[in-house]
1. In this structure, does GLU187 turn out to be of a type in the set (Asp, Glu), part of a loop (DSSP other than H, G, I, E, B) and without any contact (Cβ under 8 Å) to a residue 24 or more places away in the chain?
2. Would region 22-44 turn up any residue that is part of a helix (DSSP H, G or I), over 30 Å from ASP259 (Cα atoms) and at pLDDT below 90?
3. Filter region 117-152 down to the residues that are touching a residue at least 40 places away in the same chain (Cβ under 8 Å), aliphatic (A, V, I, L, M) and closer than 16 Å to GLY84 by Cα and list them by number.
4. Give me a count of the residues in region 196-211 that are touching a residue at least 40 places away in the same chain (Cβ under 8 Å) and surrounded by 18 or more Cβ atoms within 10 Å (Cβ to Cβ).
5. So which of ALA79, ALA36, ALA74, ALA62 ends up being exposed (fewer than 15 other Cβ atoms within 10 Å of the Cβ) and aliphatic (A, V, I, L, M)?
6. Can TYR189 be described as within 26 Å of GLU272 (Cβ to Cβ), touching a Pro at 6+ places or on another chain (Cβ under 9 Å) and aromatic (Phe, Trp, Tyr)?
7. Quickly run through region 45-81 and pick out the residues that are aliphatic (A, V, I, L, M), out of contact with any Pro (no Cβ under 6 Å at 6 or more places or on another chain), in a strand (DSSP E or B) and touching a residue at least 60 places away in the same chain (Cβ under 8 Å).
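The values are calculated or read from the model by the stated rules, or taken from the named source; none is laboratory data. Computed from a predicted model, the values in this text were never measured in an experiment. In this analysis, Cβ positions are derived from the backbone assuming ideal geometry, glycine residues included, and neighbour counts consider all displayed protein chains.
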Amino acid sequence: MIRIGKIVIGFFSAVMLVINTSAQTSPFNDRAVVPADSSGHFRLLFGGHFHGSSFGRSGYPAATLLANLDTINALNATALLSTGDLFLSADKDSARYVDSFFKKLNTPLFNAPGNHDVEGKVYLRSYGPTYTSFDIGPDRVILLDTELNNGNLEGEQFAMLQDRLESFTGQNIFIVSHRPIWSENNERYAPLFAGNTRSAFSNNYMKDVYPLVKKVAGRAQVFWISGSMAGMAPASIFFQEHAPDITYIQCAIRDEPRDALLLAEVKNGTVEWKGISLTGQTLAAPTTYNVDYWQAHQSKVPEFNWRLIPYLIRLAVTGPHFWFGVIVALISGWVIRRILKRGF
């Protein structure tokens with residue numbers, strides 16, 4: 001019986017592996033990923049927060065993005081990997097995106113969902129699954145859903161990540177997530193992204209995820225690209241080598257003069273990074289926008305992020321800790337009331 005169970009588990013694991021590695025058609029614009037050429041050459045384009053300003057109400061993607069569609073198409077990237085918050089509201093805006101963005105984009109688009117994406121029902125119904133993985137030549141792309149489990153990677157998603165890291169035999173892994181979960185509770189990175197969407201409590205990155213990343217980094221380059229950047233960010237790019245073969249990156253736009261995308265050109269196993277300005281600004285090499293740059297150029301007075309208030313309220317009310325506190329308070333009140341009644 002145990003043997004049969006193992007066979008069944010192995011079968012379904014193999015099926016999921018095939019699904020993950022072959023899911024190379026965009027759920028947004030139905031474009032298929034073109035395999036790398038014989039030398040392993042391909043290009044990946046990264047960016048996020050494509051809805052632009054959090055106060056925008058047009059229902060369309062950022063003007064800086066739409067104005068550069070010809071430029072983006074001309075890059076002939078193998079895939080455009082969004083770091084989340086593709087929509088401000090998928091329920092309200094998805095039809096506008098189809099006509100103004102998806103139909104005109106020739107590059108396969110994939111998204112690591114952010115908090116705005118998964119609000120409502122349309123995104124999960126139309127664009128799932130919310131986490132997946134696929135290979136391009138010898139390299140691997142992994143897209144994560146950091147809105148699940150309040151920024152913790154658990155259950156099936158963690159199992160997928162673990163499998164895709166431990167089974168990797170290539171040279172470069174590109175992990176894409178909305179939240180920079182690698183920055184939380186890190187005294188070096190956390191202050192730089194203080195206005196970001198983050199876990200209500202500590203996440204399990206250092207305990208469970210980083211050991212997997214560190215292990216695979218012994219034999220491959222790992223690039224973790226996120227896209228939750230508050231409006232006062234000094235640049236659309238953050239690029240920091242964290243440890244040998246582990247690089248933490250952020251890239252997102254806000255419909256501002258600083259808006260830029262990141263292009264990864266992969267040749268013979270080597271990755272060359274380049275910033276692509278969406279407003280004509282001259283950009284330095286991506287490695288310039290490191291911790292030192294951000295510390296030197298970040299606003300000293302953090303912007304109060306009003307848009308997070310309803311999100312944080314909803315997060316608190318729907319979380320188990322809130323209801324545990326409510327139950328404890330009710331029981332405590334009942335007990336105190338009984339004691340006071342007896343005393344009198």
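1. Answer is yes for this residue.
2. First, pick out the residues of region 22-44 that are part of a helix (DSSP H, G or I): 22.
So of that shortlist, the ones also over 30 Å from ASP259 (Cα atoms) come out as 22.
Among the residues that remain, those that are also at pLDDT below 90 are: 22.
Among the residues of region 22-44, at least one is part of a helix (DSSP H, G or I), over 30 Å from ASP259 (Cα atoms) and at pLDDT below 90, which makes the answer yes.
3. VAL141, LEU143
4. To start, the set of residues in region 196-211 that are touching a residue at least 40 places away in the same chain (Cβ under 8 Å) comprises 197-201, 203-205, 208-209.
Right, trim to surrounded by 18 or more Cβ atoms within 10 Å (Cβ to Cβ) and you get 197-199, 203, 205, 209.
Residues meeting the conditions: 6.
5. On the way: ALA79 fails: exposed (fewer than 15 other Cβ atoms within 10 Å of the Cβ); ALA36 fails: exposed (fewer than 15 other Cβ atoms within 10 Å of the Cβ); ALA62 fails: exposed (fewer than 15 other Cβ atoms within 10 Å of the Cβ).
Being exposed (fewer than 15 other Cβ atoms within 10 Å of the Cβ) and aliphatic (A, V, I, L, M) holds for just one of ALA79, ALA36, ALA74, ALA62, which is ALA74.
6. Details: within 26 Å of GLU272 (Cβ to Cβ): yes; touching a Pro at 6+ places or on another chain (Cβ under 9 Å): yes; aromatic (Phe, Trp, Tyr): yes.
So TYR189 passes the test.
7. First pass over region 45-81, keeping only residues aliphatic (A, V, I, L, M): 45, 62-63, 65-67, 69, 72, 74-75, 77, 79-81.
Next, only the ones that are out of contact with any Pro (no Cβ under 6 Å at 6 or more places or on another chain) stay: 45, 62-63, 65-67, 69, 72, 74-75, 77, 80-81.
Then keep just the ones that are in a strand (DSSP E or B); that gives 45, 80-81.
Correct list: LEU45, LEU81.
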